[in-house]
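Quick notes on the structure that follows.
The values are calculated or read from the model by the stated rules, or taken from the named source; none is laboratory data. Small disclaimer: the values here were computed from a predicted structure and weren't measured. Cβ sites come from the backbone with ideal geometry, for glycine too, and all protein chains shown count toward neighbours.
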Amino acid sequence: MRSSIIISLLAVGLTSAAPAEVSVSKRHDSFKVQVGDRPYFLIDDMDDGSLKRKLESCKNQESKISKFAIGHRGAPLMYPEHTAESYHAAARQGAGAIECDVAFTKDRKLVCRHDHCDLHTTTNILTFPELAAKCTTPFTPYDPVTGKAASAKCCTTDITLAEFKTLCGKMDGSNPNGTTIASYMDGTPPYRTDLYSTCGTLLTHKESIKLIDSYNRDFTPECKTPAVKMPFNGYTQENFAQDIINEYKAAGIHPSRVWPQSFLPADVFYWIKAEPKFGKQAVYLDERVDTPEGYANATASLPALAKAGVKIMAPAFFAMTKLDKNNKIVPSEYAIAAKKAGMELIGWSFERSGFLKTGGGYYYDYVNEVINNDGDMYTVLDVLAREVKILKMFSDWPATVVYYANCMGLP
Ligand SMILES: *[C@@H]1O[C@H](CO)[C@@H](O)[C@H](O)[C@H]1NC(C)=O
Ligand SMILES: *[C@@H]1O[C@H](CO)[C@@H](O)[C@H](O)[C@H]1NC(C)=O
């Protein structure tokens, strides 16, 4: 007892110099995948039909790791995103790959965060006055006179790695009506939970590699668009894209296990040219599809992108389905064009929409009319898997996708 106190005091003392690495002491190769209860809840909720019967027929299947399922930010439906706890959960649920969105700190160290500037909603940074004071935009409470929403903006580039490592991960969210820091931070959507949001362990990109490798899973780092003007103190966008790859090389990870992604086409082309072994699995995240005109342009651009060496496109999954004239969910023009150009498709992100009873919103944009219960998400996944033939699906709760993939005999 006493010695452990001394050790922990020492550890605290050390963090001010060099942040202690999250220890990943053992490999988890023999860990049994467990999908838990949620897939069964969704299947029970499905409309009657052959897909429901097929999924029910798998209820006693042995769960296996599935390459088809990617842990999107880990398993953030219930765990604070991009924390060790979230990644462990994704691994236990059988995700074949786990995502670290890569951002950099003021001292240019790579860390896992969805956005360069989301520390005010994904961590407890505002509760530390000396760190909160370093935020790009400090906290302003809701103003009842003008009705102006509460706000703050805290970026990884505002603080050093050592400071970053003192933070706790929390469920992403904020309350625009917050009149205090505590009430501002209390904004978890009702379909998520704060049950596991005790103090999520933040990770460097390097630590994420170690953790994910301990489960022998694949990696899908995303080069997050910087919020600061590049170059940042001499650090160029190419340096950033290269540093991400370098950390896999340093860890001895085979390029076939790495699926680097970016919304910036220049990053994708950089990897294709400078790091071809990694670049051939580079994932072009396509947000052009978010407007009707952009969707048409994106669809038209696919043959040229394929010719330029892009092998994998990843739009939000709504862009890969549509309704035909009989209101049947079918592959979209974009999906058909990508396949015709010989490209693979990856979808994002399943389990991110909460309750589907009113049509599902953004991720179900072209099929909203036929979505009216949570079980409908399996109907959409089935079209994506069997008709669009997507390679993989990101999910905020990978278990749901793992259950489906195991049942359908997908890898
Ligand atoms: C904020 O307050 C307004 C006005 O009272 C209310 O309509 C809105 O639902 C509140 N938002 C949240 C997230 O609580
Ligand atoms: C679509 O392409 C046209 C023709 O090249 C261009 O003028 C337009 O700005 C593009 N729109 C979007 C949203 O990308």
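Condition check ((1) at positive phi; (2) modelled with pLDDT under 95; (3) in a strand (DSSP E or B)) across all residues:
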position	(1), (2), (3)
253	no, no, no
266	no, no, no
269	no, no, no
273	no, no, no
294	no, no, no
298	no, no, no
309	yes, no, no
315	no, no, yes
Subject >> Test: residue in segment 136-152 that is buried (at least 24 other Cβ atoms within 10 Å of the Cβ) and hydrophobic (A, V, I, L, M, F, W, C) >> reply: no
Original post:
So residue 191 clears everything in (1) out of contact with any Gly (no Cβ under 9 Å at 6 or more places or on another chain); (2) farther than 25 Å from residue 274 by Cα; (3) among the aromatic types (Phe, Trp, Tyr) except one condition, right? Which one?
Top reply: (1)
**OP:** Check whether at least one residue in segment 342-358 is exposed (fewer than 15 other Cβ atoms within 10 Å of the Cβ), in a helix (DSSP H, G or I) and in contact (Cβ under 8 Å) with a residue 24 or more places away in the chain, and report yes or no.
**Re:** no
Original post:
Which condition number in (1) polar (S, T, N, Q); (2) out of contact with any Leu (no Cβ under 7 Å at 6 or more places or on another chain); (3) farther than 21 Å from residue 265 by Cβ is the one that residue 349 fails?
Top reply: (3)
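A quick yes/no check of all residues on (1) out of contact with any strand residue (DSSP E or B) (no Cβ under 7 Å at 6 or more places or on another chain); (2) among the aliphatic types (A, V, I, L, M):
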{"site": "167", "(1), (2)": "no, yes"}
{"site": "171", "(1), (2)": "yes, yes"}
{"site": "179", "(1), (2)": "yes, no"}
{"site": "193", "(1), (2)": "yes, no"}
{"site": "198", "(1), (2)": "yes, no"}
{"site": "243", "(1), (2)": "no, no"}
Original post:
Would it be correct to say that residue 267 is away from ligand 1 (no atom under 16 Å from the Cβ), under 29 Å from residue 33 (Cα atoms) and acidic (Asp, Glu)?
Top reply: no
Original post:
Does segment 64-71 include one or more residues that are closer than 30 Å to residue 160 by Cα, assigned to a loop (DSSP other than H, G, I, E, B), touching a Lys or Arg at 6+ places or on another chain (Cβ under 7 Å) and of a type in the set (A, V, I, L, M)?
Top reply: no
**OP:** Output the number of the condition that residue 377 fails; it satisfies all remaining conditions of (1) surrounded by fewer than 24 Cβ atoms within 10 Å (Cβ to Cβ); (2) in contact (Cβ under 8 Å) with a residue 60 or more places away in the chain; (3) of a type outside the set (Phe, Trp, Tyr); (4) under 21 Å from residue 48 (Cβ atoms).
**Re:** (1)
Original post:
Out of the residues in segment 282-300 that are crowded, with 17+ Cβ neighbours inside 10 Å and within 14 Å of ligand 2 (Cβ to nearest atom), which is nearest to residue 334 (Cα to Cα)?
Top reply: 299
**OP:** Filter segment 264-297 for residues that are touching a strand residue (DSSP E or B) at 6+ places or on another chain (Cβ under 6 Å) and not hydroxyl-bearing (Ser, Thr, Tyr) and give the result.
**Re:** 267, 268, 278, 283, 285, 286, 289
